[in-house]
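Just so you know, all these numbers are worked out from the coordinates, no wet-lab data involved. Quick caveat: nothing in here was measured; it's all calculated off a predicted structure. Note that each Cβ is placed from the backbone with ideal geometry, even for glycine, and that neighbours are counted across all protein chains shown.
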Amino acid sequence: MAVTSDFGIRASVRNTKASDLTTTADVLDFVRGVHLESGTTAGKADKVFHDQRTLAASASEDLDLAGVLTDVYGAAITFAKIKYIAVSAAAGNTNNVLVGAASATQFVGLLNAAGVITLRPGATFAAMSGAADATGMAVTAGTGDLLKIANSAGSTSVTYDIVIVGTSA
């Protein structure tokens, strides 16, 4: 199975100010992107996990990045390195989606040990390694492989989408 990937982020902003005879414009076009071929070295990835998931009120789950998740074909995935991760909270959520701070053996490649990203309804967070980065975000099976996703409150369920691309070695 071959995996090729393209990730990107873009901010296009036009800021204008009218004066007596002219309008001054500041135009920003900020673009960053990465293309990865299939493989396990720099500029490559060979594993992908994606899913839409729902958590009950006050619920949380630890996504085991080393051997428990399955790909779209039903095969178990063991990530050694993460090259791209995105989590997107559904716009219709009432509560926030919290990403990070598993109670044990937490994946700290994305966040430090105490870090939590709060995604309000409709928010998306993504992180990507550069194409030249052979390391990515390291996953350590058994000691650093759990990514916690939690519902911030007890009133309603939350839905989120997640995409993880990385390598098996």
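Determine, for 162, 149, the number of other Cβ atoms within 10 Å of each Cβ, and report the residues in order from fewest to most. Mind dumping the intermediate values first?
Values: 162 19, 149 22.
Least to most surrounded, the residues fall as 162, 149.
Projected onto the charge dipole of the chain (+1 at Lys/Arg Cβ, -1 at Asp/Glu Cβ, origin at the Cα centre), which of 50, 156, 134 gives the Cα projection farthest towards the positive end?
Working it through, the farthest residue towards the positive pole turns out to be 156.
Can you count the Lys pairs in the chain with C-alpha separation below 16 Å, eight or more apart or on different chains?
Details: 44/81; 44/83; 47/81; 47/83.
So the count works out to 4.
Can you list the residues, at least 5 places off or on another chain, whose amide H is less than 5 Å from the amide H of residue 140, using H built in the peptide plane?
Those lying under 5 Å, H to H, from residue 140 are 145.
Add +1 for every Lys or Arg and -1 for every Asp or Glu among the other residues with Cβ under 9 Å from the Cβ of residue 53, and state the total. Walk me through the numbers on the way to the answer.
Details: positive: none; negative: 51, 61, 161.
Charge balance in the 9 Å sphere: -3.
About its Cα centre, how strong a charge dipole does the stretch 57-162 have in debye, to the nearest 20, once Lys and Arg get +1 and Asp and Glu get -1 at the Cβ?
Details: 4 positive and 7 negative charges, 45 e Å.
I would put it at about 220 debye.
Gain in length, residue 13 to residue 53, computed as 0.36 nm per residue apart minus the alpha-carbon separation, to one decimal in nm?
Details: separation 40, 0.36 × 40 = 14.40 nm, distance 3.25 nm.
Computed gain between residue 13 and residue 53 is 11.2 nm.
From the phi of every residue in the stretch 88-98, what ³J(HN,Hα) in whole Hz does the Karplus formula 6.51 cos²θ - 1.76 cosθ + 1.60 yield, where θ is phi - 60° and glycine or proline is x?
10, 7, 5, 4, x, 5, 9, 9, 7, 9, 9
Give me D for the stretch 39-167 in µm² s⁻¹, whole number, from Stokes-Einstein with Rh from the Kirkwood sum over alpha-carbon pairs, 37 °C and 0.692 mPa s.
Values: Rh = 14.7 Å.
Approximately 223 µm²/s, per Stokes-Einstein.
Normalised by the number of residues in the stretch 1-44, what is the relative contact order in percent for Cα pairs under 8 Å and 6+ residues apart?
Values: 63 pairs, mean separation 19.9, N = 44.
Relative contact order, the stretch 1-44: 45 percent.
Note down the relative contact order for the chain as a percent, whole number, built from C-alpha pairs under 8 angstrom at least six residues apart.
On the way: 440 pairs, mean separation 54.4, N = 169.
Normalised by residue count, the contact order of the chain is 32 percent.
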